[in-house]
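What follows is a short report on a single structure.
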Amino acid sequence: MTTQTITSSTVGGHSVCPWWMAYFFDNPLRRMIHPANKVLKPYVAPGMTVLDFGCGFGHFSLGMAKLTGKSGRVVATDVQEKMLNKVMNRARKTVLEDIIQPLFCDGRQIGVPMKLDFILACNSLHETPNPAAQLEEFFKLLNPGGRLLLMEPASHLKPKDFEAEVTLARGAGFEETDRPNIVREMCSLLQKPNSPGGI
């Protein structure tokens, strides 16, 4: 599998957290608080094709790659090339570069050229210019029965704003199936219905 960065077809920009601030978020303490294996093991299995939306330095991308194994694929997407470069540098050090596919986008459209089994949107949806449109794209990208784990920082986003995101997700066609308990995060597990009437 090639590790060449995919580039989405859209251009533009949106104000997001600067790449260098990821050093404050992706550190040994976070790996203790949010161990990727523990957080994602209920949702990610060998052979899956999954997306880490707003991957940052790849804390969860690397974790998902270990869970999918070489038979799976992890698409790590971000709006900043330096984030993706960091992800792939870390992937090479852990021999996961053949599983992780970096994808550069502008935050308005992902442009993933494949169907997905699982999407993680960790601390990223609130930074998109149009969360409703983003959730609609998530819905279309997922296979029937595919799941989206929406995580937002409890220290940064107000509960009412998180509930508004969940309402938008329902409007896009998702069904909420759980509210996972993850430290310092507000979380919603959403699923695309298996019914043939789904988008």
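The values are calculated or read from the model by the stated rules, or taken from the named source; none is laboratory data. Not measured: the values here are computed from a predicted model. Here Cβ is always computed from backbone atoms with ideal geometry, including for glycine, and neighbour counts include all displayed protein chains.
In table form, for the structure just shown:
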item	result
Near pairs, Cβ below 6 angstrom, 6+ apart or cross-chain, from region 33-55 (over 12 Å from Ala65 (Cβ atoms)) to any residue that is part of a loop (DSSP other than H, G, I, E, B)	Ile33/Val183; Gly47/Ser71; Gly47/Gly72; Phe53/Ser124; Gly54/Ser124
Val79 being modelled with pLDDT under 90 and β-branched (Val, Ile, Thr)	yes
Odd one out for Asp178 among (1) closer than 21 Å to Cys55 by Cα; (2) acidic (Asp, Glu); (3) without any contact (Cβ under 8 Å) to a residue 12 or more places away in the chain	(1)
Complete set of residues in region 82-92 that are surrounded by fewer than 20 Cβ atoms within 10 Å (Cβ to Cβ) and free of Cβ contacts under 8 Å to residues at least 40 places away in the same chain	Asn85, Asn89, Arg90, Arg92
Residue within region 117-138 that is touching a Pro at 6+ places or on another chain (Cβ under 9 Å), more than 28 Å from Lys82 (Cβ to Cβ) and either free of Cβ contacts under 8 Å to residues at least 24 places away in the same chain or not polar (S, T, N, Q) (or both) present	no
Residue within region 11-27 that is at pLDDT 90 or above and under 22 Å from Leu149 (Cβ atoms) present	no
Of all residues making up region 104-117, the number that are surrounded by 19 or more Cβ atoms within 10 Å (Cβ to Cβ), modelled with pLDDT of 95 or more and in contact with a helix residue (DSSP H, G or I) (Cβ under 8 Å, 6 or more places away or on another chain)	1
